[in-house]
Amino acid sequence: MELNELSIKLSQYETEGASFESFFINNVGQEVLQVIVDGNDELPIFVTRTDEQILCICYLFTEQEINADKQAELNDTLLRLNVPMPLSAFAKIDDKYAIFGALSTNSTLDQLGHEIVTLSANSIDALEAISDYLSE
Amino acid sequence: MSILKKLFTAVKGGVNEVGEGIVDANAIRIFEQEIRDAQAALSDAKRSLTEVMAKEIQTTRAIKSLDEDIAKHETYAAQALDKDEEALALEIAEKIAHFEQEKTEQQQVLNTFTTSVSKLKEQIKQAEKTIVENQRQLSMVKTTESVQKATMAVNDTMASGDSSMASAKQSLERIKQRQMDKQDQLDAAQQLAEENSDKALHDKMRAAGIGEEVTKGADVLARIRAKQNK
């Protein structure tokens, strides 16, 4: 599915009790769709597309925000949480920790909707779970 | 070196700064061209395979028909011998020898075809594997590039708008606040619903004259009169 098609469809779509707002960011030649699930605008989901996959990324916190002496422990914990966490995985992009999911470009609206809703819920849970590692 | 290993080294060395390509665009173009060339070679190989297989079938058929000819002429030769036609039998036998010679030649040709069919099939399998592998590696490079570009786009938006990335702590607090607001709203709605159902019950009870008595104007008047009469 193309991102502009997804944007239009999401605006009229509701799943698992959640509704979506989305808008386009395209200023460097790479299309990115910013999606907000159920008013959760603190943790927007950024959706982007390559030839093979659709990536849904949610930025959680920067490296500077965590206790430096606890970073290794946090990294270890995140790696362990990767498998039990449904559909999403932890990642790091530059200095930002993120949570993301990847789908085939042939995915349906229902599959994409489910992915995005799950990612949004996971991101809130993840932020709560790691709050002890954040520096004051 | 595999692309993943290259990426690993680059990320480890901190080269993975926004905007800095890990594998330069020219290398990607060359890689893409190599994949396209391999695909073209693959479709050529597939075409030759079909041709060779067709020839293999034709040769097998020719050998089969030679076998039939030999069997037929052996019967003829036997018949000629039965009729004491020695000279004719010899002539037929020479014909059989000719067929057998031809069969040997065809057999050799067939063996060549069979060998090249299995060789071509192996080559095609290898080429397909290589193409899939190269595409997977290319996809890794392109995904890295896309994520970098997407990150730049996101950073630009956050830096320019008022939605600059809040700290995780602030976000968490706002999320908790919103969740609490939602819960409070639900509670309030629940309370309101309960009050409404209470009121409905009261109304019914009152209509039936059960529960608290409602003060009526007449009662008040009666009370005042009672005071005056004292």
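Could you work out how far helix B:168-207 tilts from the main Cα principal axis of chain B, as a 0 to 90 degree angle to the nearest 10?
For B:168-207 against chain B, the angle is about 60 degrees.
Using alpha carbons only, what's the Rg to Rh ratio of the protein assembly as shown with Rh from Kirkwood? It would help to have the intermediate numbers written out before the result.
On the way: Rg = 40.5 Å, Rh = 28.5 Å.
That ratio equals 1.42.
Rounded to the nearest 500, what is the protein assembly as shown's calculated 222 nm mean residue ellipticity when only DSSP H runs of at least 4 contribute -39500 (n - 2.57) each, over all residues?
Details: 8 runs with 238 residues, N = 366.
Calculated at 222 nm, the ellipticity per residue is -23500 deg cm²/dmol.
Using the heavy atoms of the protein chains alone and a 1.4 angstrom probe, what is the accessible area of the stretch B:58-171 per residue in square angstrom?
Per residue, the stretch B:58-171 has an accessible area of 63 Å².
Can you list residues from other chains, or at least 5 along the same chain, whose modelled amide H is less than 5 Å from the amide H of A:ILE54?
A:LEU103, A:SER104, A:THR105
Helix B:3-12 versus the longest principal axis of chain B: what is the Cα-based angle in degrees, 0 to 90, to the nearest 10?
Roughly 40 degrees, rounded to the nearest 10.
Can you give me the span-like helices of chain A, meaning DSSP H runs with 15 Å or more of Cα extent along the axis and Kyte-Doolittle mean at or above -1.0?
Qualifying helices, which must be both long enough and hydrophobic enough, are A:71-82, A:109-130.
Provide the FRET efficiency to the nearest 0.05 for the A:ASP110-B:GLU194 pair, computing r from the beta carbons and using R0 = 30 Å. Numbers along the way, then the final one.
Values: r = 37 Å, r/R0 = 1.24.
Working from the Cβ atoms, E equals 0.20.
Just to be sure I understand the model, the point goes 7 Å from the Cα along the line to the Cβ. What's the resulting B:ILE30 to A:LEU79 distance in nm?
3.4
Quick check: the angle from helix B:217-228's long axis to the longest principal axis of chain B, C-alpha only, nearest 10 degrees?
The angle comes out at about 20 degrees.
Dimensions of the stretch B:3-161 along principal axes (Cα, Å, largest first)?
111, 28, 18
Return the single residue from B:VAL141, B:VAL220, B:VAL117 with maximal mean-square fluctuation; model: Gaussian network over chain B, springs between Cα atoms under 10 Å.
The residue with the greatest mean-square fluctuation here is B:VAL220.
Looking only at other chains, what is the average number of their beta-carbon atoms within 10 angstrom of each beta-carbon in A:32-45?
Other-chain Cβ atoms within 10 Å of each residue's Cβ, averaged: 4.
In whole Hz, with x marking every Gly and Pro, tabulate ³J(HN,Hα) for the stretch A:13-22 from phi via Karplus 6.51 cos²θ - 1.76 cosθ + 1.60, θ = phi - 60°.
10, 9, 8, 6, x, 10, 10, 10, 10, 8
Simple spin-label model, 7 Å along Cα-to-Cβ: B:GLU133 to B:ALA93 in nm?
6.1
Sorted by accessible area with a 1.4 angstrom probe, largest first, how do B:GLU32, A:GLU14, A:GLU5 fall? Spell out each step's value before the answer.
On the way: B:GLU32 45, A:GLU14 135, A:GLU5 70 Å².
Putting B:GLU32, A:GLU14, A:GLU5 in descending order of accessible area: A:GLU14, A:GLU5, B:GLU32.
Just need the relative contact order of chain A here, percent rounded to a whole number, with Cα pairs under 8 Å and 6+ apart. All intermediate terms of the calculation are to be shown ahead of the outcome.
Values: 218 pairs, mean separation 33.2, N = 136.
Normalised by residue count, the contact order of chain A is 24 percent.
Sort A:LEU81, A:LEU119 by heavy-atom solvent-accessible area, probe 1.4 angstrom, most to least. It would help to have the intermediate numbers written out before the result.
On the way: A:LEU81 70, A:LEU119 0 Å².
In descending accessible area the options line up as A:LEU81, A:LEU119.
Want the number for A:ALA18 to A:ASP95: 0.36 nm per residue separation, take away the alpha-carbon distance, what's left?
Taking 0.36 nm per residue and subtracting the Cα distance, the gain is 24.7 nm.
Quick one: among B:LYS72, B:LYS95, B:LYS204, which has the greatest mean-square fluctuation in a GNM of chain B with alpha-carbon springs under 10 angstrom?
Maximum among the listed residues: B:LYS204.
Just from the alpha-carbon atoms, what are the Rg and Dmax of the stretch A:26-91 in angstroms?
Expressed in Å, the Cα Rg and Dmax of the stretch A:26-91 come to 14.6, 40.
Can you list residues from other chains, or at least 5 along the same chain, whose modelled amide H is less than 5 Å from the amide H of A:PHE61?
The list, which skips near neighbours in sequence, is A:TYR97.
The values are calculated or read from the model by the stated rules, or taken from the named source; none is laboratory data. Being a predicted model, the structure only gives us computed values, none of them experimental. With ideal geometry, Cβ positions are generated from the backbone for all residues, glycine too; neighbour counts draw on all protein chains shown. Ligands, DNA and RNA are excluded from the accessible area calculation, which covers all protein heavy atoms including side chains. Shrake-Rupley method; radii C 1.70, N 1.55, O 1.52, S 1.80 Å.
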